[in-house]
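The structure under discussion appears below in the form of structure tokens.
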Amino acid sequence: MLKKMTTIHWFRKGLRLHDNPALLASVEENCELRPLFILDPWFVTNARVGSNRWRFLAQTLADLDIKLRDLGSRLFIARGTPEELFPKLFKDWNVQKLTWEVDTEPYSCIRDEKIEKLAKDHNVKVVCRVGHTLYSTEKIIQANLGKTPLTYQSMQSLVSRMGHPPKPVDSLSSLPGSCRINNAMAVNAKYNLPTLAELGVDEGSLQPCLYPGGETEALRRLDKYMMRKTWVCKFEKPKTSPNSLQPSTTVLSPYLKFGCLSPRTMYFRLLEVYKNNSHTQPPVSLLGQLLWREFFYTVGAKTPNFNRMEGNPICRQIPWVRNEKLMKAWEFVFEELLLDADWSLNAGNWMWLSASAFFHQYFRVYSPIAFGKHTDKHGEYIRKYLPQLSKYPDNYIYEPWKAPLSTQKAAGCIIGQDYPKPIVKARHHLQTETLQTRR
Ligand SMILES: Cc1cc2nc3c(=O)[nH]c(=O)nc-3n(C[C@H](O)[C@H](O)[C@H](O)COP(=O)(O)OP(=O)(O)OC[C@H]3O[C@@H](n4cnc5c(N)ncnc54)[C@H](O)[C@@H]3O)c2cc1C
């Protein structure tokens, strides 16, 4: 008997059913659909991903699986590298088409080029669609005559010439019978969801879950914020509180990062809220924040070594002192602990914040001391996340090494003994600045 032909939709980011043009392309031919997510065990062991982010991913995959099962399908989790897995899947599943969402990160581009070649060798048609960004980053660069825009203002004027991004496409809300899977496939445990233990997460060490992963929660959260019309219309990024204990912004970033939320869906929901209401404008508005995202994605897509200083043509070359131990301590925090760690946004924002790229006025670099004193006088954030310092008086909370020994003793934390001495010595008097003057 002839094997049924199938189409694979490869979920990487874009972990959603709404506004997913690549997913819609996977059901065009009415072939059986195999929604696939590849879990590469190498990442589980080696990637700097903390327990909270793994949990977010596990929750996201579980949410997607439930939604797909409601449509008569499921999520297939395959373990291995894409290069090893695809040739086998192409044969075993009699695949005729493979779809995925465009990913502009260099690692993904190299991987996708290889998979495209493998697909060609196996006579599998590949269809890719843009969905992770508002526009195609290629089209933005083409509109700029082949040059990458390097200022927010140039980005803004380019996109205003291009007009609004494409409208979100329909959600995948039903599947034709021919695209559904049979019972044997539905219960095949080989492709089951990963457990937290498989992701290397010690469940006992998990913090309470404040931001559950998944499309369901992403859309709920988007709705919740879009209902606060006055707040949305008055939103100004400089006037939010980056170090407050309760978030002063939407916390949609992990959902956008994993693609549980489509940026275009958010964009058009914002336009609905703005309609007939006066509202703030980019760069400070909420829509302006989506353009920051788009800006860093666009620059990241075409700048060699965007996440490094060396070999990065837009980054100022600074003869840093090399200290591997300190470097590791730094990376540990920023790659591992962020729930929304995003290659393009992280690199772009660090270059921005350090005045290494886009502009170079060193005196515009934030001082962690002056900025903190200005925005969180009592150091509540430090007291919560650095409990060793929690008993310091307000006037020393940002510079505990300056406190007299008697104060250090009274606070129960002697600097150099119970808490490390500062590792960076300020050469310049760094001024306090708000984002408003910067952006
Ligand atoms: C040093 C540094 C590193 C950062 N690293 C990351 C990162 O790894 N991942 C990440 O998602 N964000 C990063 N950001 C940007 C920003 O801090 C987060 O996007 C923001 O805090 C997310 O909160 P929110 O969703 O409540 O944002 P909101 O203010 O509600 O904005 C809505 C969306 O706009 C986008 N956005 C907002 N601010 C920025 C910005 N500065 N740059 C680009 N896009 C933005 C995000 O997608 C965000 O979800 C970084 C910022 C700095 C200063």
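The values are calculated or read from the model by the stated rules, or taken from the named source; none is laboratory data. Quantities reported herein were computed from a predicted structural model and do not represent experimental measurements. Here Cβ is always computed from backbone atoms with ideal geometry, including for glycine, and neighbour counts include all displayed protein chains. SASA here: full protein model, heavy atoms, side chains in, ligands and nucleic acids out. Shrake-Rupley method; radii C 1.70, N 1.55, O 1.52, S 1.80 Å.
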| said: Sorting check: for 133-143, 152-162, which peptide has the highest mean count of neighbouring beta carbons within 10 Å, and how do the rest follow? | reply: 133-143, 152-162
| When each pair of different Cα atoms in segment 301-402 is counted once in the 1/r mean, what is the Kirkwood radius in angstroms, to one decimal? | 15.9 Å
| note | Here, K3 and S174, labelled 7 Å along Cα→Cβ, have an inter-label distance in nm of 3.1 nm
| note | Counting Lys and Arg as +1 and Asp and Glu as -1 over every other residue whose Cβ sits under 10 Å from the Cβ of K125, the net charge comes to +1
| request: Please report, in Å, the Rg and the Dmax of segment 98-211, where both are computed over Cα atoms only. | output: 20.5, 55
| Can you pull the percent of segment 321-430's accessible area that's carbon plus sulfur, 1.4 Å probe, other chains left in place? | 59 percent
| Part-to-part distance (alpha-carbon centres) for segment 284-328 and segment 1-41, which is given in Å | 33 Å
| To one decimal place, what Kirkwood hydrodynamic radius in Å is obtained for segment 1-51 from all pairs of distinct Cα atoms? | 13.2 Å
| message | Can you show me the helix-derived [θ] at 222 nm for the chain, built from DSSP H runs with n ≥ 4 at -39,500 (n - 2.57) apiece and divided by the number of residues, rounded to the nearest 500. | response | -11500 deg cm²/dmol
| Where F334, F359 fall by accessible area, highest first, once all protein chains stay in place (1.4 Å) | F334, F359
| query | Per residue, how many Å² of accessible area does the chain show with a 1.4 Å probe? | reply | 52 Å²
| field | Accessible area (Å², 1.4 Å probe, nearest 10) - D70 | value | 130 Å²
| note | With +1 at each Lys and Arg Cβ and -1 at each Asp and Glu Cβ, the charge dipole magnitude of the chain around its Cα centre, to the nearest 20 debye, comes out at 840 debye
| field | Pairs from K373/K409; K167/K234; K67/K229; K4/K88; K13/K67; K234/K275 whose Cα-Cα separation, in the structure shown, is over 19 Å | value | K373/K409; K167/K234; K67/K229
| remark: Residues other than D70 with Cβ under 15 Å of its Cβ, Lys/Arg counted +1 and Asp/Glu -1, net out at +2
| query | Label-point separation (nm) for E29 and D202, each offset 7 Å from Cα along Cα-to-Cβ? | reply | 4.9 nm
| field | Full-extension gain in nm, A186 to I369, via 0.36 nm per residue minus C-alpha separation | value | 60.3 nm
| message | Normalised by the empirical 2.2 N^0.38 Å for globular proteins, what value does the Cα Rg of segment 161-264 take? | response | 1.50
| task | Sort the following peptides by mean Cβ neighbour count (other Cβ atoms within 10 Å, averaged over residues), highest first: 398-404, 58-64, 101-107. | result | 58-64, 101-107, 398-404
| task | Could you calculate the contour length gain from K377 to L337, that is, 0.36 nm times the residue separation minus the distance between their Cα atoms, to one decimal place in nm? | result | 11.9 nm
| note | For the pair R322 and R48, the simple spin-label estimate (label points 7 Å beyond Cα toward Cβ) gives in nm 1.8 nm
| remark: In cubic angstrom per residue, the convex hull of the chain built on its Cα atoms measures 167 Å³
| For segment 205-273, convex hull of alpha carbons as volume per residue, Å³ | 108 Å³
| query | Given the Cα atoms of segment 49-113, and with Rh set as the inverse mean 1/r over their pairs in the Kirkwood sense, what is Rg to Rh to two decimals? | reply | 1.00
| remark: Note to self: Kirkwood Rh of segment 24-160, Cα pairs, one decimal, Å, is 17.5 Å
| remark: Treating every alpha carbon of segment 82-130 as one equal point scatterer without solvent, the Debye formula yields log10 I(q)/I(0) values at q = 0.13, 0.14, 0.28 Å⁻¹ of -0.27, -0.32, -1.12
| Under unit Cβ charges (Lys, Arg +1; Asp, Glu -1), what dipole magnitude, rounded to 20 debye, does segment 381-421 have relative to its Cα centre? | 60 debye
| Cubic angstrom per residue, convex hull over Cα atoms of segment 220-365 | 138 Å³
| Toward the positive end of the charge dipole of segment 250-394, about the Cα centre and with charges on Cβ (Lys, Arg +1; Asp, Glu -1), which of F358, P393, Y255 goes farthest? | P393
| How would you rank 196-204, 171-179, highest first, on the average number of other Cβ atoms within 10 Å across their residues? | 171-179, 196-204
